[in-house]
Amino acid sequence: MAVHGYLSRILPALLDARRVRDNPGLSWEEVSRLSDGIRRLSAGFTGSRDLPGEKYFAKADLLDAYLLYYFPITYAKVAQVLAELTVTSPAPRALDLGSGPGPAALALGHRLGAHSTIVAADRDVPCLGALRGIWKHAGVGQLHTFAWEAPAALPKTATQFDLIVAANLLNELFIGRRQRMDELFAWLRSVASRLSQSGSLVLLEPALRETGRDLLDLRDRAVTAGWFVHAPCFWQGPCPALEKDRDWCHASKVWQPPEWVRVLGEEAGISPSKIGFSYVVLGRHRPAPAPTGVARVVSDPLVESGKKKLWVCGDMGRRLATRLDKLASGKNADLDRAERGDVVVIEGARPLPEELRLDGDSDLRLMRRVEPEDLPLPKTEILVRRD
Ligand SMILES: C[S@@+](CC[C@H](N)C(=O)[O-])C[C@H]1O[C@@H](n2cnc3c(N)ncnc32)[C@H](O)[C@@H]1O
């Protein structure tokens, strides 16, 4: 489903959630105040990491900064992941856990359509109010919200979901506990019991090494417990990125952020033109069979003199697909345009211990890419007033 233009409708909603009427845009004074908040959030989430576990949304300046900057970014991340998933239920149900002001809930509604029911839960009650305000302008489907604090059990009625999303939540849970990963996984199992038979759990975390590796650890525990990985992996064995301490796996995508997001990011000293995150989609049902040789591109292209390389991870494990420039051919030409996150099919490459060596007869075909059209690009934008 095309999601073009939704962000254009979100901004008035975001302004409304901040009780700013008539969409007058952002004054430069506001840009400056918001960018202070963005810097604080950015440092607290990705630098000092002193915000996870704290009730930062109780501070109006930080909630404002989140709404105007991180909300559209998380929306774009979740929309990108959802673009690859298939949900067949005629009246889909989805749960957004740790929703905050609800970028994932909104993306779910847009993806699942008018017959969907989206339930959002968070311990921060004002955030849920902000989400209900946003929904009035930009929501699709029915929204329900409830206050809830993990690890408390979810209400009995919160069940039979086709999708459960936890975006940027896991790294905030069980902080400082000695058996943190055990507790987190036990909690995830209880959450997953609220899925329908064919439902999937969508876990999305920041693109940091530590949080990314924790996510992969949970992925491996789930696989050991008999679950299946539906995305981004085609490999159902232990994650090869956990073999070396310095590795992890993350997605990133160049996108064209709304103008106000670009301006706010620039003022805060952050470039929002590339969105990065780690994610995994898990389910109890076996995914539909993929073609032999299918793989996800898990690195940016690595260009050496006379050679091109790409890390890919697929039914053959994690390998470096390598091709000498002089062996470039029509059959392997997609190596030159493949990007991180793309799904490719590789056939006829020579398998070496860590490598898949392509020659002129080897096939490397791009099978699927989430194109910019699948991401929410605003049509018209808000006005940042430089007065
Ligand atoms: C970084 S925000 C992410 C919000 C939203 N999911 C997103 O990705 O934009 C983390 C959210 O988790 C919520 N949260 C943190 N600990 C929680 C807990 N124990 N129970 C419920 N919500 C929690 C916070 O209130 C906050 O809204």
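The values are calculated or read from the model by the stated rules, or taken from the named source; none is laboratory data. None of these values were measured; they are calculated from a predicted model. Backbone-built Cβ (ideal geometry, glycine too); neighbour counts: all protein chains shown.
Go through segment 340-364 and give me each residue that's crowded, with 17+ Cβ neighbours inside 10 Å and acidic (Asp, Glu).
Correct list: Asp342, Asp363.
Can Val78 be described as assigned to a helix (DSSP H, G or I), closer than 19 Å to Val281 by Cβ and touching a helix residue (DSSP H, G or I) at 6+ places or on another chain (Cβ under 9 Å)?
On the way: assigned to a helix (DSSP H, G or I): yes; closer than 19 Å to Val281 by Cβ: yes; touching a helix residue (DSSP H, G or I) at 6+ places or on another chain (Cβ under 9 Å): yes.
Criteria met by Val78.
Name the pairs whose Cβ atoms lie under 6 Å apart, with the first residue in segment 136-155 and more than 12 Å from His110 (Cα to Cα), the second surrounded by fewer than 20 Cβ atoms within 10 Å (Cβ to Cβ) and among the β-branched types (Val, Ile, Thr), and 6 or more positions between them or separate chains?
Ala147/Val125
Within segment 132-191, can you find the residues that are within 19 Å of Leu82 (Cα to Cα) and of a type in the set (S, T, N, Q)?
Within segment 132-191, Gln142, Gln160, Asn168 qualify.
Report those strands (runs of 3 or more DSSP E) wholly inside segment 306-375 carrying at least 1 residues which are over 31 Å from the mean Cα position of the chain (by Cα).
By residue number, 307-314, 317-324, 355-358.
Of all residues in segment 277-306 being of a type outside the set (Gly, Ala, Ser) and out of contact with any strand residue (DSSP E or B) (no Cβ under 6 Å at 6 or more places or on another chain), which is farthest from Pro232 (Cα to Cα)?
Restricting to residues being of a type outside the set (Gly, Ala, Ser) and out of contact with any strand residue (DSSP E or B) (no Cβ under 6 Å at 6 or more places or on another chain), the top hit is Glu304.
Quick one: which strands (runs of 3 or more DSSP E) sit completely within segment 190-293 and have at least 2 residues that are in contact with a Lys or Arg (Cβ under 6 Å, 6 or more places away or on another chain) and at pLDDT below 90? Explain how you work it out, then say what you get.
Working: elements: 195-205, 228-231, 251-254, 274-283.
In segment 190-293, 251-254 are the strands (runs of 3 or more DSSP E) which contain 2 or more residues that are in contact with a Lys or Arg (Cβ under 6 Å, 6 or more places away or on another chain) and at pLDDT below 90.
If we keep just the residues of segment 141-159 that are more than 14 Å from the ligand (Cβ to nearest atom) and in contact with a Leu (Cβ under 8 Å, 6 or more places away or on another chain), which is nearest to Asp182 (Cα to Cα)?
Leu143
Filter segment 62-105 down to the residues that are on the phi < 0 side of the Ramachandran plot, within 10 Å of the ligand (Cβ to nearest atom) and touching a strand residue (DSSP E or B) at 6+ places or on another chain (Cβ under 8 Å) and list them by number.
Residues satisfying the conditions are Ile73, Thr74, Lys77, Val78, Asp96, Leu97, Ser99, Pro103, Ala104, Ala105.
Hey, could you check segment 47-61 for residues that are in a helix (DSSP H, G or I) and either under 26 Å from Leu26 (Cα atoms) or more than 21 Å from the chain's Cα centre (by Cα) (or both) and say which is nearest to the ligand (Cβ to nearest atom)?
Phe57
Could you give me the residue pairs with C-beta distances under 8 Å whose first residue belongs to segment 56-78 and is within 19 Å of Lys274 (Cβ to Cβ) and free of Cβ contacts under 8 Å to residues at least 40 places away in the same chain, whose second residue is assigned to a helix (DSSP H, G or I) and within 9 Å of the ligand (Cβ to nearest atom) wherever it lies, and which are 6+ apart or on separate chains?
Qualifying pairs under 8 Å: Tyr70/Leu41; Tyr70/Pro103.
Just to be sure, is Ser190 of a type in the set (S, T, N, Q), within 16 Å of the ligand (Cβ to nearest atom) and in contact (Cβ under 8 Å) with a residue 24 or more places away in the chain?
yes
Specify the residue that is farthest from the ligand (Cβ to nearest atom); the eligible residues are those in segment 162-183 that are crowded, with 22+ Cβ neighbours inside 10 Å and farther than 18 Å from Tyr56 by Cβ.
Among those that are crowded, with 22+ Cβ neighbours inside 10 Å and farther than 18 Å from Tyr56 by Cβ, it is Asp162.
Which pairs turn up if I take residues in segment 298-313 that are surrounded by fewer than 20 Cβ atoms within 10 Å (Cβ to Cβ) and look for partners that are part of a strand (DSSP E or B) and among the hydroxyl-bearing types (Ser, Thr, Tyr) with beta carbon separation below 7 Å, at least 6 apart in sequence or on another chain?
Lys307/Thr322; Lys309/Thr322
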